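**Student:** Provided herewith is a single structure, encoded as structure tokens, for subsequent inquiry.
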Amino acid sequence: MKINSLLLVLISVVFCSCYNDNMEELYPELSSGCDTTNVTYSLTVAPILNNYCLNCHSTSAANGSGGGIKLGSFTDVVTYEANGKLLGSIKHLGGYSPMPKGGGTLSDCKIRQLDKWIEKGAKND
Ligand code: HEC
């Protein structure tokens, strides 16, 4: 009886840890809750910029609080994607002004999603 329950406990411990390991290895996007598959300009990039950047960088705000930098349209955004400043600033890399200004960093997930959009060609999709 004693040995049986011990075995049962052992089996469930082994089962549980294997199960968890596999979930994370097989489905990293699912287990972290970060969707980097369905990433597009209109569904992902524009809403992030809208929420965290456009109060300073919209076409109308840029000359006031945004240092003249506009991120309110696709054409504007790809300019800063192409010169490396978009990623440099959100990843707080040396040589770039850290963004969002005065607001910490974007979440890892949002940075990975922006990375993914660029990796897929920074398209107006
Ligand atoms: C509170 C206002 C404010 C917010 C919010 C803000 N910015 Fe800025 N941003 C500025 C100002 C002002 C400058 C220009 C002066 C400077 O570099 O500090 C700037 C500069 C930049 C630059 C040029 C950086 C460089 O090194 O030349 C980029 C790119 C940029 N912002 C992107 C963003 C992005 C992306 C977000 C949102 C994640 C964001 N900003 C949020 C105010 C802001």
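**Student:** How many residues does the stretch 48-66 contain that are within 6 Å of the ligand (Cβ to nearest atom), without any contact (Cβ under 8 Å) to a residue 12 or more places away in the chain and surrounded by 12 or more Cβ atoms within 10 Å (Cβ to Cβ)?
**Tutor:** Summing the residues that are within 6 Å of the ligand (Cβ to nearest atom), without any contact (Cβ under 8 Å) to a residue 12 or more places away in the chain and surrounded by 12 or more Cβ atoms within 10 Å (Cβ to Cβ) in the stretch 48-66 gives 2.
**Student:** Do you know which residues across the stretch 42-60 are in a helix (DSSP H, G or I) and either at pLDDT below 95 or within 17 Å of Ser89 (Cα to Cα) (or both)?
**Tutor:** Val45, Ala46, Ile48, Leu49, Asn50, Asn51, Tyr52, Leu54, Asn55, Cys56, His57
**Student:** If you don't mind, there's one more thing I want to ask. Within the stretch 80-99, work out how many residues are more than 13 Å from the chain's Cα centre (by Cα) and surrounded by fewer than 17 Cβ atoms within 10 Å (Cβ to Cβ).
**Tutor:** 10
**Student:** Report yes if Lys123 is surrounded by 13 or more Cβ atoms within 10 Å (Cβ to Cβ) and of a type in the set (D, E, K, R), otherwise no.
**Tutor:** No.
To keep it simple, each residue is scored yes or no on (1) within 12 Å of the ligand (Cβ to nearest atom); (2) at negative phi.
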site	(1), (2)
Thr75	no, yes
Tyr80	yes, yes
Lys85	yes, yes
Ile90	yes, yes
Gly102	yes, no
Asp108	no, yes
Trp117	no, yes
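**Student:** When you check Lys123 against the structure, is it near the ligand (Cβ under 10 Å from one of its atoms) and in a loop (DSSP other than H, G, I, E, B), yes or no?
**Tutor:** Answer is no for this residue.
**Student:** Looking only at the stretch 33-47, count how many residues are surrounded by 15 or more Cβ atoms within 10 Å (Cβ to Cβ) and either free of Cβ contacts under 8 Å to residues at least 24 places away in the same chain or closer than 15 Å to Asp76 by Cα (or both).
**Tutor:** Residues meeting the conditions: 3.
**Student:** Looking at the stretch 24-36, which of its residues are of a type in the set (Ser, Thr, Tyr) and modelled with pLDDT of 95 or more?
**Tutor:** Thr36
**Student:** Filter the stretch 98-118 for residues that are touching a residue at least 24 places away in the same chain (Cβ under 8 Å) and small (Gly, Ala, Ser) and give the result.
**Tutor:** The answer is Gly103, and nothing else.
The values are calculated or read from the model by the stated rules, or taken from the named source; none is laboratory data. None of these values were measured; they are calculated from a predicted model. Positions of Cβ are backbone-derived with ideal geometry, glycine not excepted, and every protein chain shown enters the neighbour counts.
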